[in-house]
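Shown next, in C-alpha cells, is the structure this report addresses.
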Protein chains: 2
Amino acid sequence: MRSDRVAVVGVGQTKFEARNPDKTYYELAFESTKMALEECNVGVKDVDSVVYGIYNDLFERQIMPDTYVHDYLGFFGKPGTRITTGGATGGYAFRAAYSEIASGLSDSTVLIGVEKALDCFDWAQFKSTPEVLKSIAYSADMTWEFPLGVSAASSYAILATAHMEKYGTREDQAALVSVKNHSNALNNPYAQSPMKLTVDDVLSSRMISYPFKLYDCSLYTEGSSSLVLMSESKIRELGIEDPVWVLGIGSSNDKSFTGMRSKDDRLGRYGDIADLRNHYEAARMAYRMAGITNPLKEIDVAELHDAFSFTEIQAYEAMGFAEKGKGGKFIEDGVATMDGDLPVSPSGGLLGAGHAVGATGVMQIGEIANQLRGRAGKRQVEIKSGKALAHSIGGPGSSYATVTVLGCEAK
Amino acid sequence: MRSDRVAVVGVGQTKFEARNPDKTYYELAFESTKMALEECNVGVKDVDSVVYGIYNDLFERQIMPDTYVHDYLGFFGKPGTRITTGGATGGYAFRAAYSEIASGLSDSTVLIGVEKALDCFDWAQFKSTPEVLKSIAYSADMTWEFPLGVSAASSYAILATAHMEKYGTREDQAALVSVKNHSNALNNPYAQSPMKLTVDDVLSSRMISYPFKLYDCSLYTEGSSSLVLMSESKIRELGIEDPVWVLGIGSSNDKSFTGMRSKDDRLGRYGDIADLRNHYEAARMAYRMAGITNPLKEIDVAELHDAFSFTEIQAYEAMGFAEKGKGGKFIEDGVATMDGDLPVSPSGGLLGAGHAVGATGVMQIGEIANQLRGRAGKRQVEIKSGKALAHSIGGPGSSYATVTVLGCEAK
C-alpha cells in the first residue's frame, strides 16, 4: 500500500518467429529478460517478484511452465505468479505486475510473457501447424461451442461481419490495416512478418473464414517479451533514467459464449457485437484513471490488438479515436499510419510483428514505452503530449479486454 | 494505491468430493460464490473485479475456463484475471486478489478457486483416476523429469526421506498428522475424507511411494471455494461486520527441478531439501509484514498444506512453530491437535477436507477467516491473540510457497 507511482524502466524481447526449434521456452524468456534488466542496469538481487504471462498448458503439454522459467533465470527465493487470460494474457499480466508494486508487496517486478509450442508433443495430432490451431480452439467452451467447430478465426469473423452489416464497413478498409501493419513491421528488427503488401494482395489472398483472408490474420508465433516495473521510490534510489509511468489501466471481461453474443437481447444483457462493449469499458476505466478526456488528441501513439485486421477497426472506435461505426473511414483517412496524427501499431502489431500469445501484450506495452522514451529506432513517432496506449484482448469473441496508458515526463 | 486496509468479508465453499458428475465447474463456482456474497450481503453490482484460481488446462481440456465461470456468474463488464501456480494456485490467487484492492484498482474483489476434471475428456488415457495422476504428473518438467517417472507423490517423498535422514523423523510421527487431520474433518460438513483412524491404520495402509502410505496422501478432489475481499473504506461504506484483515502475505518460489534440489551444492544454490527454504522465506516475509515475532505464541490457529502428511511436519518448522528438525516431536507433543496450544488444520486440511487444487488455498484462507470470526461451528478453536495463518504450496518439490496471515480486531 503505497502512494508513489509505478513505471516501466526496462524493455526486452526476442525476435518473434514462426518456430524457434533451437530454443526452449526458458531460453527464450532468459534472452528477453536479460535484455530488459541490462537496459536499466538492474541485477537479479534488485528484483522483488516476477509475474509470468504464458497462454496455456497444451502447447507444451506442461503444467506450470512458469516454475521452470523462474528456475532457469535464477529468481529462486522470490515470489512468482502466472497469469493466463487467453490472447490478453500479456495485458492482464501487466495489470498483475502493476498491482504487485502498487499494492506495496514489491518495489520492483519483472514481467515475462513467453510462448512456444510443440517441443514436447509426441501426440500425432499435434505435429503440424493446423494442429496448433486446433489446440487454440480448445479456448472455445468445450461443452457447447468447440463441438460446433468454433475456432479463433471463425469466432472473430462473427464480430467483423456484424460490424460490416451494421456500419457498412468494407473488406478493402480492413485490408488497409493489414497493409499498414505489415509495412510498419519493416522497421522492426524483431518482427515476424515484415511485408510490403497492397490492398489487392490482401483481398486476393486465400480465404480463411469470411471476411478474413490470409493477410487479415495474424500468425502463430514463438517468442518472449520482458519488462521491468519499479516503484518511484526505488527508481530514485537506483537513479534510473527515463521511467515511463503507468497512468491508467482498465480491464473488462464480457460474455464468452460467441453464440450468446450474436445480438443484444431485449434485456440488454449481451450487447451488440458490432460494438465490443468490454473494449469500450476497458478504455473508459483506463482514461478515467489517467485523466484523459480527449484520447484522439491526448494519445500520441497506440498499439492495438489486431489478431485480425477488422478487430483493429473496431478498436479505433472502442478506444474513442473514431466515432462509432467510423473505424473504416478512420483507416482510410490515414490517421493511423506512421505519418498520421495517431500512428497505430508502429511495431507492426500482431499482423506484422507477430502474435506470441502470452508475450504479445507485453511486447505491445514495451513498444509504447520505447516510443515514449524515444528509443523506437527507425519507427520512432513524434511524441507530443507524452501519452500512449496499448490494447490487449483475448478469448472467444474477445471476452477479455485490457487497456494500459503510459506516460513520460516532458523533457 | 491506497492507504486503507484489505479484509476478507465473505466466505463460501461447496462440499469437496472425489467426483461431482452432476455439476460443471461453472455450477460449482456459482454455488460457493453465491454463498460468499450472500454471507456479507454483497450483490454483483458491488463487485469491482474477480480473480480466479484454476490449476490447469488439462483436467478439462479447456483453455481459459475462467472466462466461462465469469460468464455464468454474471460478472461480465468487470475485470477477471486467472492465476495458475500448481497446488499453490489458491494461495497465490489470494495474493493477486489482495493486490487488486491494495493497488487501488478495485474496492471489492471476489476470489474463486475451482477444480474439476474429466467432463470433456474423450481421450482413452484420461478415463480413470490413475490417469488424473498422470495428468498431474505433467507438472514435472516435460523435457527432463517427466520421462523419469516423477509424480506428485514421488517428488514429495524425496523431501520426506531427506527429513527422515537428517533429523530422524519417523513414519509413525507422520501418521499422527494423518490421524489428526482425518479426525478434524469429522466436524467439517464440507470435507471429503472425514475418518476415525489409528496410527496403525495409517502405517498398515497400502504403500504408494515410500515413505507415503495411502493415508499419508491427500486425494484428488472436485469443488469450489470463494472469498469476498474488500477495502476498509468500502467496508465502512457498506456497513459490513466482522471483517478479517489481511495482515501479512509472503511468497517464495524455489528451484523446481526435483533432481536439482536433492542436496545443497558447494555454492549454496540449491538449499537442503530437508529444510524447504522457500517455505521459511515465505513465512519470514509474511511475519515481517504482519509484525509477528513469536509465531507459536501469536498465531491462534493455522491451516498448513498437507498434500502429504510429512509435508505438514516440515511446515511446522518452516512456519517457526517448531525448531528445525523438531517437527516430528511437535505433532507427538499434541500442540497441533484441536485441544492443543496451536490447532493446525481444523478444517481437516488437504488430507481430511480434500485437495481441490485451485480451490484448496482459498478454502484454507476461508477456514482461518471463519475461525477468527467465530463462525467455524463444531470445529471452532479458541481465539486469543486474534491472528491466524494459512500456508499454500505447490509444484514439484513444493517450488511454490505462500503464507497468508489474517487478523481480527479484539471484541
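The values are calculated or read from the model by the stated rules, or taken from the named source; none is laboratory data. These numbers were taken from a predicted model, which means no experiment stands behind them. Positions of Cβ are generated from backbone atoms using ideal geometry, with glycine treated the same way; all protein chains shown enter the neighbour counts.
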task: Can you tell me which residue among B:Leu247, B:Leu296 is modelled with pLDDT of 95 or more and either more than 30 Å from B:Leu28 (Cα to Cα) or among the β-branched types (Val, Ile, Thr) (or both)?
output: B:Leu296
- prompt: Among the residues of segment B:159-205, how many are in contact (Cβ under 8 Å) with a residue 60 or more places away in the chain, surrounded by fewer than 16 Cβ atoms within 10 Å (Cβ to Cβ) and in a loop (DSSP other than H, G, I, E, B)?
  reply: 3
query: Exactly one of (1) surrounded by 23 or more Cβ atoms within 10 Å (Cβ to Cβ); (2) touching an Asp or Glu at 6+ places or on another chain (Cβ under 9 Å) is unmet by B:Thr311. Its number?
result: (2)
- line: (1) over 24 Å from B:Pro243 (Cα atoms); (2) among the small types (Gly, Ala, Ser); (3) in contact (Cβ under 8 Å) with a residue 12 or more places away in the chain all hold for B:Ser49 apart from (1)
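In this structure, is A:His305 assigned to a loop (DSSP other than H, G, I, E, B), modelled with pLDDT of 95 or more, touching a strand residue (DSSP E or B) at 6+ places or on another chain (Cβ under 8 Å) and surrounded by 24 or more Cβ atoms within 10 Å (Cβ to Cβ)?
Numbers: assigned to a loop (DSSP other than H, G, I, E, B): yes; modelled with pLDDT of 95 or more: yes; touching a strand residue (DSSP E or B) at 6+ places or on another chain (Cβ under 8 Å): yes; surrounded by 24 or more Cβ atoms within 10 Å (Cβ to Cβ): yes.
For A:His305, the condition - assigned to a loop (DSSP other than H, G, I, E, B), modelled with pLDDT of 95 or more, touching a strand residue (DSSP E or B) at 6+ places or on another chain (Cβ under 8 Å) and surrounded by 24 or more Cβ atoms within 10 Å (Cβ to Cβ) - is met.
For segment B:31-38, check the following and say yes or no: at least one residue is under 23 Å from the mean Cα position of the chain (by Cα) and farther than 13 Å from B:Val110 by Cβ. Before you say what the answer is, go through the steps one by one.
Start the filter on segment B:31-38 by keeping residues that are under 23 Å from the mean Cα position of the chain (by Cα), which leaves B:31-37.
Imposing the further condition that a residue be farther than 13 Å from B:Val110 by Cβ reduces the set to B:31.
Yes, segment B:31-38 has at least one match.
Out of the residues in segment B:55-64 that are at the interface with another protein chain (Cβ under 9 Å from one of its Cβ atoms) and of a type outside the set (Ser, Thr, Tyr), state the one that is surrounded by the most Cβ atoms within 10 Å (Cβ to Cβ).
Here is the first cut: in segment B:55-64, the ones at the interface with another protein chain (Cβ under 9 Å from one of its Cβ atoms) are B:55-58, B:60-64.
Now drop any that are not of a type outside the set (Ser, Thr, Tyr), which leaves B:56-58, B:60-64.
Numbers: B:Asn56: 26, B:Asp57: 23, B:Leu58: 22, B:Glu60: 22, B:Arg61: 21, B:Gln62: 26, B:Ile63: 24, B:Met64: 31.
Out of the qualifying residues, it is B:Met64.
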query: Applying the selection to segment A:209-227, what residues are of a type in the set (A, V, I, L, M) and within 18 Å of A:Glu312 (Cα to Cα)?
result: A:Leu214, A:Leu219
- prompt: more than 11 Å from chain B (Cβ to nearest Cβ) and at pLDDT 95 or above: does that describe A:Leu105?
  reply: no
Options A:Ala322, A:Ala353, A:Ala336, A:Ala359: the member that is surrounded by fewer than 24 Cβ atoms within 10 Å (Cβ to Cβ) and of a type outside the set (Asp, Glu): A:Ala322
query: Just for segment B:1-30: of the residues that are among the polar types (S, T, N, Q) and either within 14 Å of another protein chain (Cβ to nearest Cβ) or more than 21 Å from B:Asp66 (Cα to Cα) (or both), which one is surrounded by the most Cβ atoms within 10 Å (Cβ to Cβ)?
result: B:Thr24
statement: Exactly one of B:Arg82, B:Arg61 is at positive phi and basic (Lys, Arg), and that one is B:Arg61
message: Condition first: surrounded by fewer than 17 Cβ atoms within 10 Å (Cβ to Cβ) and in contact (Cβ under 8 Å) with a residue 24 or more places away in the chain. Now tell me which residues in segment A:206-218 satisfy that.
response: A:Tyr210
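Taking B:Met338, is it under 27 Å from B:Gly10 (Cα atoms), part of a loop (DSSP other than H, G, I, E, B), aliphatic (A, V, I, L, M) and at pLDDT 95 or above? Before the answer, list the steps.
Values: under 27 Å from B:Gly10 (Cα atoms): yes; part of a loop (DSSP other than H, G, I, E, B): yes; aliphatic (A, V, I, L, M): yes; at pLDDT 95 or above: yes.
Spelling it out, B:Met338 is indeed under 27 Å from B:Gly10 (Cα atoms), part of a loop (DSSP other than H, G, I, E, B), aliphatic (A, V, I, L, M) and at pLDDT 95 or above.
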- request: Would you mind telling me which numbered condition in (1) of a type in the set (A, V, I, L, M); (2) closer than 19 Å to A:Asp242 by Cβ; (3) assigned to a loop (DSSP other than H, G, I, E, B) A:Met35 fails?
  value: (3)
- request: Could you check, for segment B:70-85, whether at least one of its residues is at the interface with chain A (Cβ under 9 Å from one of its Cβ atoms), touching a residue at least 60 places away in the same chain (Cβ under 8 Å) and buried (at least 23 other Cβ atoms within 10 Å of the Cβ)?
  value: yes
- request: Scan (1) under 23 Å from B:Val246 (Cα atoms); (2) more than 7 Å from every other protein chain (Cβ to nearest Cβ); (3) in a helix (DSSP H, G or I) for the single condition B:Ala96 breaks and write down its number.
  value: (2)
